[in-house]
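Peer 1: Take a look at this one; I'll ask things after.
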Amino acid sequence: MKLTLSSSPHQRVRRDTGQIMRLVIYAMAPAMVLQMFFFGWGLLIQASIAILTAVGTEAAFLALRQKPVGRALSDYSAVLTALLLAVSIPPALPWWMTVLGTFCAIAIAKQLYGGLGFNMFNPAMIAYVILLISFPVAMTMWLPPQQFLAEPLSFADTLSLILTGYTQSGMDIVQLRTVVDGITMATPLDAVKTGLTQSRTYTETLQAPIFEGGFASSLGAAWSWIALAYLAGGLFLLKARVINWHIPVAMIASVIVFSGFLHLLDMDRYASPLFHVFNGSLLIGAFFIATDPVSASTTNKGRLIFAAAIGFWLVIIRTFGGYPDAVAFAVIIMNMAVPLIDYYTRPRTYGHSPRSEKRKHR
Amino acid sequence: MSEYKTLAADGMWKNNPALVQLLGLCPLLAVTATVINGLGLGLATMAVLIGSNVTVSLVRNIVRNEIRIPIFVMVIASFVTIIQLLMNAFTYELYLALGIFIPLIVTNCAIIGRAEAFASKNKVLPAAFDGVMMGLGFTVVLVLLGGMRELLGAGTLLSGADRLFGPVANNWTVTVFATEHPFLLAILPPGAFIGMGLLIAAKNAIDQRLAARQTKQKKQVTRIRVTAES
C-alpha cells in the first residue's frame, strides 16, 4: 500500500469557472425555451448574434491585451453575458443594436476594467442600460406574445425582421405590434404605467387583454410563466450550490416589503407585491443577474444588504421612475456601492474580537 | 526661444489643461455634443485666458499678495462678460446653444490656475503666449471630444457650423452616415465621460510608447572606457 504525503488543501473544489457558468446557462435553458414558445424565434436569433459578438470581442481584446485567449474563452463567461443580454432585449431588435450592446458589455464593462473578476459592474446590465438609454424606442418595442398575433411569425420572417426591419411580406414592427383588435400591445409593466398616466386605476388597467392567461389575475399572459421558469432554474442553482440563498431571498423579500407597503397606502395607484414579483425581470434578476459572483458583494451580511437595496431601488424606479422596469438600473446602482458594503461587513477574523479591531484603527 | 517652446509643449501636450490637469471638466463634458459647440466654447475660453493672463501679468507687481485671488477673479469675470456680450451680438445661435456654460467660464479652474501659477509670476509676453497655448490645448480636446461624440451619436460632423462662422458655412456639414436611430449614449453625458476617459487613456498610451522608445535609445549609448589601458 502506497501512502502519499501532500500538503494542504486536501479537499479541492470540484468546479472551475467554466463549469459554474455552464450550470447557470443550463438553468436558464427552460425559461429560454418557454420564451421562444411565447414570443417566437427572435430569442434564438438574438442569442446567436450576441454570443458570436461576445466571443469575438472577448478574443480580440484578450489578444490586444496579450492574455491567453483560449483559456479565458473556455470559461463561458462571455457566452453567459451574451445570453443574459439576449433574454433582456426585445426579440425583434435590429441586429446591429444587439451587436453594439454586446460589444459594449465585453469591451467597456468587462475588458477595460481588467477582464473577468475585475469588472465592477455586471456587463450584461451595462449593455442593457446603454441600449435602453441610446435607443429607447427600439428597446421598448416588444412584440405581443404569439397568441395575440394574427398569425405567428415564421423563422424566416423573424430573421428578416431583425436583419432588415421588415418581414418578408413587408410589415414593420409597428404594424406587427398593432394586433387584431387595433390595440397596441405592451408589456404588463408598461400597461400599468401608461394606464396610471391616463388616470385609470391600477385595478382597471388589469382588465387589459395582456393580463389574460397568467396563473393569477394580475399577471401578464406569457411573462408570468417565463418568470416561473426562471424561478425553477434559480432553485436548481441553489440546489447545485452555484449561488447562495442570501441575494435572491433578500431581493425578493425587499421587493415584497416595499411594494406591499406602497400597495397598502393606495391600492388604486400602486401595484401589488405579486404583480411586482412575477412581472418584468425581477426573478431572473434575483437568481441570475444580481448573483454574479464578480460584481455582487462578497460577504454574507453584505449580500443581504446589497440585494435588499436592489429590491428597494427596483420598487422606487418602477413606481416613480420614467422607465417601466428597473432591474438593470437597480443592480448597477448597487454595484457601485459594493466596495463600501464589503468594507463595512468584513467578517471577524478568527482570534480577533471586533473591539480590538477598532482599537487598532485608532 | 526655448522658453516659448516649453510653454507650447506644456499647453498642448505635457500639461494639457483638459487631459493632464483635468481642469474645466464641467463645460468640457457638458457642451461637447458637437464639434461646433466644442470649438465655440474652446475659442471663448481661449480668449478669456489670453485676456486674463495679460492683465494679471500687467498688474502683478501692483496687486498685494493677500488680495490677489479676488482681483484675479474680477479680471476673469470682466473678460467673460465681454466675451459673453460679443457672442450674444455676433454668434447669437451659438450663444443660445452654449447657454449657461459661457458665463460659467468664470469658474473654469484652468483660467484661474494659469493666472495664479504662471501669469502672476511672469512677464506679459510669455504670459500671453501661455494663454494662447493653454487655450489651444483646451480647444483641441474640446473639438476632438465633440467630433467623437457627434460622429458616433448623429453620424455627422460640423453640423451647425453656420452658428459660428455665419452663412458661409451653411453647407459645411459632413454626413458620414445617416441613421434613423441616433446613438443617444454618445450625445448624453455618459458618452462624454467615456469619450474623455478614452482620450486620456490614448494620451497616456502614447506617452508610454514614447518613454519606452527613449529608454531603448538611451541603452544604446556607447560606453566610454574608464579604465586605463594596460
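The values are calculated or read from the model by the stated rules, or taken from the named source; none is laboratory data. None of the values given here were measured: they were computed from a predicted structure. Neighbour counts are summed over all protein chains in view; Cβ atoms, including those assigned to glycine, are modelled from backbone coordinates with ideal geometry.
Peer 1: So which residues in the stretch B:13-36 are surrounded by fewer than 17 Cβ atoms within 10 Å (Cβ to Cβ) and under 15 Å from B:Gly137 (Cβ atoms), if there are any at all?
Peer 2: B:Trp13, B:Lys14, B:Val20, B:Leu22
Peer 1: Yes or no: the stretch A:175-194 includes at least one residue that is at pLDDT below 90, touching a helix residue (DSSP H, G or I) at 6+ places or on another chain (Cβ under 7 Å) and within 14 Å of chain B (Cβ to nearest Cβ).
Peer 2: Looking for residues that are at pLDDT below 90, touching a helix residue (DSSP H, G or I) at 6+ places or on another chain (Cβ under 7 Å) and within 14 Å of chain B (Cβ to nearest Cβ), one finds none in the stretch A:175-194, hence no.
Peer 1: While we're on this one: What are the residues in the stretch B:149-165 that are touching a Ser or Thr at 6+ places or on another chain (Cβ under 8 Å) and more than 14 Å from chain A (Cβ to nearest Cβ), if any?
Peer 2: Across the stretch B:149-165, the qualifying residues are B:Glu150, B:Thr156, B:Leu157, B:Leu158, B:Ser159, B:Gly160, B:Ala161, B:Arg163, B:Leu164.
Peer 1: Test B:Thr32 against the criterion of being hydroxyl-bearing (Ser, Thr, Tyr) and either under 17 Å from B:Ile105 (Cα atoms) or at pLDDT 85 or above (or both), and give yes or no.
Peer 2: Numbers: hydroxyl-bearing (Ser, Thr, Tyr): yes; either under 17 Å from B:Ile105 (Cα atoms) or at pLDDT 85 or above (or both): yes.
Yes; evaluated as a whole, the condition is true for this residue.
Peer 1: Quick check on this structure: which one of A:Ile51, A:Ile20, A:Ile25, A:Ile45 is over 30 Å from A:Leu163 (Cβ atoms) and outside any loop (DSSP other than H, G, I, E, B)? Reasoning before the result, please.
Peer 2: Details: A:Ile51 fails: over 30 Å from A:Leu163 (Cβ atoms); A:Ile25 fails: over 30 Å from A:Leu163 (Cβ atoms); A:Ile45 fails: over 30 Å from A:Leu163 (Cβ atoms).
None of the other options fit; the residue is A:Ile20.
Peer 1: Among the residues of the stretch A:82-96, are any within 22 Å of B:Ala201 (Cα to Cα), within 12 Å of another protein chain (Cβ to nearest Cβ) and either out of contact with any His (no Cβ under 8 Å at 6 or more places or on another chain) or surrounded by fewer than 24 Cβ atoms within 10 Å (Cβ to Cβ) (or both)? It would help to see each step written out before you state the result.
Peer 2: Here is the first cut: in the stretch A:82-96, the ones within 22 Å of B:Ala201 (Cα to Cα) are none.
No, there is no match, as no residue in the stretch A:82-96 is within 22 Å of B:Ala201 (Cα to Cα), within 12 Å of another protein chain (Cβ to nearest Cβ) and either out of contact with any His (no Cβ under 8 Å at 6 or more places or on another chain) or surrounded by fewer than 24 Cβ atoms within 10 Å (Cβ to Cβ) (or both).
Here is a yes/no grid of residues against (1) touching a Gly at 6+ places or on another chain (Cβ under 8 Å); (2) part of a loop (DSSP other than H, G, I, E, B):
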{"site": "A:Phe258", "(1), (2)": "yes, no"}
{"site": "A:Asp268", "(1), (2)": "no, yes"}
{"site": "A:His276", "(1), (2)": "no, no"}
{"site": "A:Arg303", "(1), (2)": "no, no"}
{"site": "A:Tyr323", "(1), (2)": "no, yes"}
{"site": "A:Pro339", "(1), (2)": "no, no"}
{"site": "A:Tyr343", "(1), (2)": "no, no"}
{"site": "A:Thr349", "(1), (2)": "no, yes"}
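Peer 1: Can you give me the number of residues within the stretch B:167-182 that are touching a Phe, Trp or Tyr at 6+ places or on another chain (Cβ under 8 Å) and either part of a helix (DSSP H, G or I) or within 14 Å of chain A (Cβ to nearest Cβ) (or both)?
Peer 2: Of all residues in the stretch B:167-182, those touching a Phe, Trp or Tyr at 6+ places or on another chain (Cβ under 8 Å) come to B:172, B:181.
Next, only the ones that are either part of a helix (DSSP H, G or I) or within 14 Å of chain A (Cβ to nearest Cβ) (or both) stay: B:181.
Residues flagged as touching a Phe, Trp or Tyr at 6+ places or on another chain (Cβ under 8 Å) and either part of a helix (DSSP H, G or I) or within 14 Å of chain A (Cβ to nearest Cβ) (or both) within the stretch B:167-182 amount to 1.
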